[in-house]
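Engineer: Structure in structure tokens, see below.
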Amino acid sequence: MKRVIEFLQNLAANNNKVWFDAHKDEYLLAKKVFEDFTEQLIAKVEAFDPSVKGLKVKDCTYRIYRDVRFSKDKSPYKTHMGCYICRGGKKSGYSGYYFHVATEQSDVYPSGHMLAVGDYCMEPKALKILREDIVDGGGDFQEILDKQVDPCFHLDKTFQLKRPPKGYDDSTPYIDLVKYKVFCLCSEPSTEEILSPTLADDVAEKFKTTKPFLDYINRAIEYVKEGNEE
């Protein structure tokens with residue numbers, strides 16, 4: 001990943017078309033390194049999560065060009081490279097496993113490298129079902145978080161509600177979890193970890209611990225997709 005990080009650092013310092021065009025070969029080399037890594041990671045994730053079987057690199061990776069139409073930041077290029085491995089591919093609507101390499105000047109939150117598992121923009125109907133599952137589950141979701149998920153991960157509290165959502169109150173079981181709007185586990189690995197020669201294995205092992213969490217979320221999403229919601 002050293003080549004990827006070095007390219008992204010240079011791009012962050014020269015985020016313009018003239019520089020990018022002059023260094024297109026460097027970009028293509030970095031892109032190839034990241035795509036090769038993604039191919040390895042897909043295979044390793046498939047070994048413990050067969051729902052991602054058959055995915056190709058193009059199903060999981062993104063263009064480096066930013067959509068600046070509605071952004072105040074008109075920088076034309078992303079300063080990170082990421083992949084999202086999930087059932088049906090990145091546009092399927094299912095939750096999945098996300099990995100990206102970035103710089104301290106990254107255009108994404110949080111700045112720097114990241115692992116993430118779950119859903120960052122869950123459809124309201126699926127969120128409703130998920131909350132009901134958590135309340136009615138007798139602590140099963142909390143147990144997954146406490147006993148199965150690798151401790152390097154934490155739930156993203158960015159959009160956690162201060163008050164219970166409609167239909168709930170402070171006496172509701174597991175109300176702190178019910179207040180979450182984003183059900184996404186995050187981890188911020190160091191550059192030293194990213195440069196490890198066993199990176200694909202290391203990331204896959206961490207992702208493996210989150211599969212019960214992901215299955216729990218995707219169960220609600222699948223329920224809605226099948227038209228079972230009220």
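The values are calculated or read from the model by the stated rules, or taken from the named source; none is laboratory data. Note that the structure is a prediction, hence the values are computed from the model and not measured. Glycine also receives a Cβ, built like all others from the backbone with ideal geometry; neighbour counts cover every protein chain displayed.
Engineer: Could you tell me whether residue 175 is farther than 30 Å from residue 60 by Cβ and either touching a helix residue (DSSP H, G or I) at 6+ places or on another chain (Cβ under 9 Å) or modelled with pLDDT of 95 or more (or both)?
Structural biologist: yes
Engineer: Would you check if residue 207 is out of contact with any strand residue (DSSP E or B) (no Cβ under 8 Å at 6 or more places or on another chain) and of a type in the set (Phe, Trp, Tyr)?
Structural biologist: no
Engineer: Residues that are hydroxyl-bearing (Ser, Thr, Tyr) and without any contact (Cβ under 8 Å) to a residue 60 or more places away in the chain: does region 203-226 have at least one?
Structural biologist: no
Engineer: Does region 177-216 hold any residues that are of a type in the set (A, V, I, L, M), over 14 Å from the mean Cα position of the chain (by Cα) and within 25 Å of residue 163 (Cβ to Cβ), and which are they?
Structural biologist: 177, 178, listed by residue number.
Engineer: Another one. With the condition kept exactly as written, say whether any residue in region 108-128 is of a type in the set (Val, Ile, Thr) and modelled with pLDDT under 95.
Structural biologist: Yes; the residues of region 108-128 include at least one that is of a type in the set (Val, Ile, Thr) and modelled with pLDDT under 95.
Engineer: Would you check which residues across region 123-179 are within 23 Å of residue 224 (Cα to Cα), in contact (Cβ under 8 Å) with a residue 40 or more places away in the chain and assigned to a loop (DSSP other than H, G, I, E, B) and list them?
Structural biologist: Within region 123-179, 123, 174 qualify.
Engineer: Which of the helices (runs of 4 or more DSSP H) contained wholly in region 186-230 include at least 2 residues that are of a type outside the set (Gly, Ala, Ser) and touching a Gly at 6+ places or on another chain (Cβ under 9 Å)?
Structural biologist: Result: 211-225.
Engineer: Continuing with this model, one more query. For residue 82, work out the one condition from (1) among the small types (Gly, Ala, Ser); (2) crowded, with 19+ Cβ neighbours inside 10 Å; (3) in a helix (DSSP H, G or I) it doesn't fulfil.
Structural biologist: (3)
Engineer: Give me the residue from region 23-78 that is of a type in the set (Asp, Glu) and part of a helix (DSSP H, G or I) and, out of that set, surrounded by the fewest Cβ atoms within 10 Å (Cβ to Cβ).
Structural biologist: Among residues in region 23-78 that are of a type in the set (Asp, Glu) and part of a helix (DSSP H, G or I), the one surrounded by the fewest Cβ atoms within 10 Å (Cβ to Cβ) is 25.
Engineer: Follow-up. Residue 155 fails exactly one of the following numbered conditions: (1) in contact with a strand residue (DSSP E or B) (Cβ under 7 Å, 6 or more places away or on another chain); (2) more than 30 Å from residue 31 (Cβ to Cβ); (3) crowded, with 19+ Cβ neighbours inside 10 Å. What is the number of that condition?
Structural biologist: (3)
Engineer: Check region 73-80 and report whether any residue there is of a type in the set (Val, Ile, Thr) and free of Cβ contacts under 8 Å to residues at least 60 places away in the same chain.
Structural biologist: No, there is no match, as no residue in region 73-80 is of a type in the set (Val, Ile, Thr) and free of Cβ contacts under 8 Å to residues at least 60 places away in the same chain.
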